[in-house]
1. Looking at (1) farther than 18 Å from PRO166 by Cα; (2) surrounded by 15 or more Cβ atoms within 10 Å (Cβ to Cβ); (3) at pLDDT 90 or above, can you tell me which one ARG67 breaks?
2. Using the structure shown, decide if THR76 is assigned to a helix (DSSP H, G or I) and of a type in the set (Ser, Thr, Tyr).
3. Would you confirm whether or not segment 4-18 contains a residue that is at pLDDT below 90, assigned to a loop (DSSP other than H, G, I, E, B) and small (Gly, Ala, Ser)?
4. Condition first: at pLDDT 95 or above, among the polar types (S, T, N, Q) and more than 15 Å from the chain's Cα centre (by Cα). Now tell me which residues in segment 283-311 satisfy that.
5. Within the set of pairs 6+ apart or on separate chains, which have a first residue in segment 102-127 that is touching a residue at least 60 places away in the same chain (Cβ under 8 Å) and part of a loop (DSSP other than H, G, I, E, B), a second that is surrounded by fewer than 16 Cβ atoms within 10 Å (Cβ to Cβ) and of a type in the set (A, V, I, L, M, F, W, C), and C-beta atoms under 9 Å apart?
6. State which residue is surrounded by the fewest Cβ atoms within 10 Å (Cβ to Cβ) when the search covers only segment 231-268 and only residues that are assigned to a strand (DSSP E or B) and small (Gly, Ala, Ser).
7. Any residue that is in contact with an Asp or Glu (Cβ under 8 Å, 6 or more places away or on another chain) and surrounded by 16 or more Cβ atoms within 10 Å (Cβ to Cβ) - is there at least one of those in segment 179-186?
8. For segment 74-89: of the residues being at pLDDT below 90 and among the aliphatic types (A, V, I, L, M), which is farthest from GLY43 (Cα to Cα)?
Amino acid sequence: MTATEDVRVGQLIDVTITTLNEDGFGLATTGTKPLLVSGVLPGEQAQVRISFVGRRECFATVVRILRHVPQRLMSTPCKRLGQCDGCPLMFMKYPAQLTWKKELVGNILGRYRTLLDVTIHDVLPSPQPIHYRNSAKLVVSGKFAAPVIGIYRRNSHEVLEIGDCPLHHPLINTIVAAVREGIRKGKVPIYSPRNCHGLLRYLVIRVDETENRAMVVFVTAERSFNEIHHLAKHLQSAVPEVSVVAQNINASTGNVILGEKDHFITRERTLRASIGETAFTISPRSFFQVNSGSARIIYEKVREWADLKGNEFVVDLYCGIGGISLFLAPSSRKVLGIEVVEAAVADAGQNARLNGIENCGFLAGDAGKLLADLRQDRERVDLLILNPPRKGCDEKVLEEAAALAPTRMIYVSCSPSTLARDLDILAVLGYRTTVVQPVDMFPQTPHVENVALLIKTDLPN
């Protein structure tokens, strides 16, 4: 049978893969409805089993590869390839991953006429292609006698055990194993989203790679101190590197992981981490880059392209806990970081004090409004950094950014699609993108970070 609209779940068919989509799934040549296959590369032939049939697309898993291509990695560090969709590129040799990501960025930017002449550099590789993740947010499910700690399967509420994930820092995997044992020993009730009963919902782990220390947050449906206290005691005994343990209360029925209230079980409440020579204090809800090595590459590229001489005023939009701001401050006259999350702004201020940086300030609030206020103050902005979340910038924010008329902008993005959209808008507003530097923040996955340099086009000669 060759038409994907006629296939059924469980059916075996032979397909030829033509390309990979932006999520790293192979696209098959059969039928009119797209057939997405995990674990395959362009040019390969495979026998696949249909796993999901939807109205717009179908999914399949590989039974066996009938014809390989040279880019395939025949042996991988993951035991769950084919079950877990979290690392769809892991079977691809790492240099081939970098080549594919550059082509992906080029294809997306090439959809816009204003971006056709942009230079796209080769992707800068991650210093560590595996074991690079310094944090994990994992679901806890099952019964206390046989707990499952992992992530949701695609198109499912079933949790896949990934306690020995090769992307995680080894200390994360050690902690997951110890928590699993502690749940069994302490008979800790596990929360069930079906009946809203139970206690332990999620496990959040952060690792400071420099000192090999960790923070662990147990997310629970209610306070219930006794079980979590004993679980924390077991964990710290089994893994002495755990220096911070907190209980976060999340009684909501949605998919948000962290609730609003933290209760610390240990005397220490923060974790110290660093990117390059800059130190950061990390609290349970602080945002911090999951790949410190690649984050340093991005920050250093921003600093290089900023080309600061020491007398510039820099505005860092969506500054988070101040990473880029603190990297640029020593070379600037003044840096202002803007962030909507008040807790992140508090962390940013603390990080500035931690590093002895006095020319860096932070404001909490709506980005567009604060940029408009800044324009009213008539203070010249020399460089503006944009580092928004995956959804990119609101058009109002881009308009206000351009109205400040900085000599240059640098846009840091985790989404090539929203980056291209926003760069096209900025082109109309008078800012030409000259070069884009992709950086591999998430090896083995289809995600790629990009740093773009924009120059004001109406500068006098």
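1. For ARG67, the exception is condition (2).
2. Details: assigned to a helix (DSSP H, G or I): no; of a type in the set (Ser, Thr, Tyr): yes.
The answer is no for THR76.
3. No: segment 4-18 contains no residue that is at pLDDT below 90, assigned to a loop (DSSP other than H, G, I, E, B) and small (Gly, Ala, Ser).
4. Result: ASN311, single match.
5. Final answer for the pair search is VAL118/VAL435; HIS121/VAL435.
6. Ranking the candidates gives SER243 first.
7. Yes, segment 179-186 contains a residue that is in contact with an Asp or Glu (Cβ under 8 Å, 6 or more places away or on another chain) and surrounded by 16 or more Cβ atoms within 10 Å (Cβ to Cβ).
8. By that ranking, first place goes to LEU81.
The values are calculated or read from the model by the stated rules, or taken from the named source; none is laboratory data. Please read these numbers as outputs of a predicted model, since none were measured by experiment. Here the Cβ is made from the backbone with ideal geometry for all residues, glycine too, and neighbour counts use every protein chain on show.
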